[in-house]
Amino acid sequence: MARLRVGVLVSGNGSNLQTLIDLCAAPDFPAEIALVVSNKPGVLSLERAARAGIATRVIPHGDFPDRPAFDQAIDAALRAAGVEFICLAGFMRVLSPQFVERWHDRIINIHPSLLPSFKGLHTHAQALAAGVRLHGCTVHFVRPRLDDGPILVQAAVPVLADDDEHSLAARVLKAEHQAYPLALTLIAQGRVRVEGDRALIDGRAVDAAACLMNPQI
Ligand code: GAR
């Protein structure tokens with residue numbers, strides 16, 4: 001069985017990367033992580049990958065004159081490793097439209113909010129300030145606009161009365177650890193197709209399997 005060759009882009013801790021590593025560790029899982037690229041040296045993500053025997057590259061964004069040059073180096077590294085599909089897992093750089101278009105419908109991201117609410121940074125503070133009762137995370141296909149693109153999986157968690165940014169972030173992160181493996185599983189199994197602005201699962205625009213309500217966290 002040919003396994004889908006996945007590249008994961010990271011910037012930090014890599015707890016989401018770890019869930020993808022664990023998922024792909026099963027020999028019969030239809031995807032494998034071919035390369036982990038970090039724009040920051042010395043981060044835990046790199047250690048996690050190395051521990052799992054996965055090739056890593058550090059490509060510091062500061063080494064490049066502009067965003068397209070940085071993105072070109074990432075693109076070259078991914079292609080050299082035979083990567084077919086990209087997962088962004090806590091990758092904290094905005095990718096150029098050229099890069100995103102080159103990987104159109106072959107790149108997904110996890111964002112710590114129920115999109116389209118709370119794009120950008122400090123999503124948990126945004127959610128608390130807005131007084132929402134439900135918060136969560138979204139795995140979506142990447143488009144040139146920030147935190148935009150067809151939604152694949154969402155996981156919702158409650159916002160509790162005594163939550164602060166920290167407690168809410170921790171609850172959402174646990175939900176992320178269920179949502180991202182589910183998303184990659186659906187992709188690797190060939191069950192996902194993008195049509196316009198919608199991601200279809202098994203041909204359906206809405207699929208209960210991709211909607212995690214208060215997952216067991
Ligand atoms: C996660 O919460 C992820 O959703 C977020 O960064 C964290 C990375 O944690 N990503 C973004 O905010 C991207 N805009 P991790 O390194 O432990 O996976």
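The values are calculated or read from the model by the stated rules, or taken from the named source; none is laboratory data. Note that the coordinates shown come from a computational prediction; the quantities given were computed from them, not determined experimentally. Glycine gets a Cβ as well: all are built from the backbone with ideal geometry, and neighbour counts include every protein chain shown. When the accessible area is computed, the model is the full protein with side chains, heavy atoms only, and any ligands, DNA or RNA have been set aside. Shrake-Rupley method; radii C 1.70, N 1.55, O 1.52, S 1.80 Å.
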Segment 99-217 - Debye-derived log10 I(q)/I(0), Cα point model, q = 0.12, 0.20 Å⁻¹: -0.41, -1.05
Rounded accessible area of LYS40 (nearest 10 Å², 1.4 Å probe): 100
Size of charge dipole - the chain - debye, nearest 20, with Cβ of Lys, Arg +1 and Asp, Glu -1, no other charges: 260
CYS211 accessible area, assembled protein chains, probe 1.4 Å, Å²: 70
Distance between modelled label sites at ARG51 and ASP164, nm, 7 Å Cα→Cβ extension: 2.8
Cut-off under 5 Å, modelled amide H: who pairs with LEU212 long-range: GLN154, ALA155, ALA156
Gain upon complete extension [VAL94, ALA125; 0.36 nm per residue less C-alpha separation]: 9.1 nm
Probe 1.4 Å, accessible area per residue of the chain, Å²: 47
Rounded percent of accessible protein surface that carbon and sulfur make up, the chain, 1.4 Å probe: 54
Folded to 0 to 90 degrees: helix 15-24 orientation relative to the chain principal axis, Cα: 70
Cα radius of gyration and Dmax for the chain (Å): 16.6, 49
Cα gyration tensor shape for segment 6-85, rounded if a/c is under 1.5, else prolate or oblate: oblate
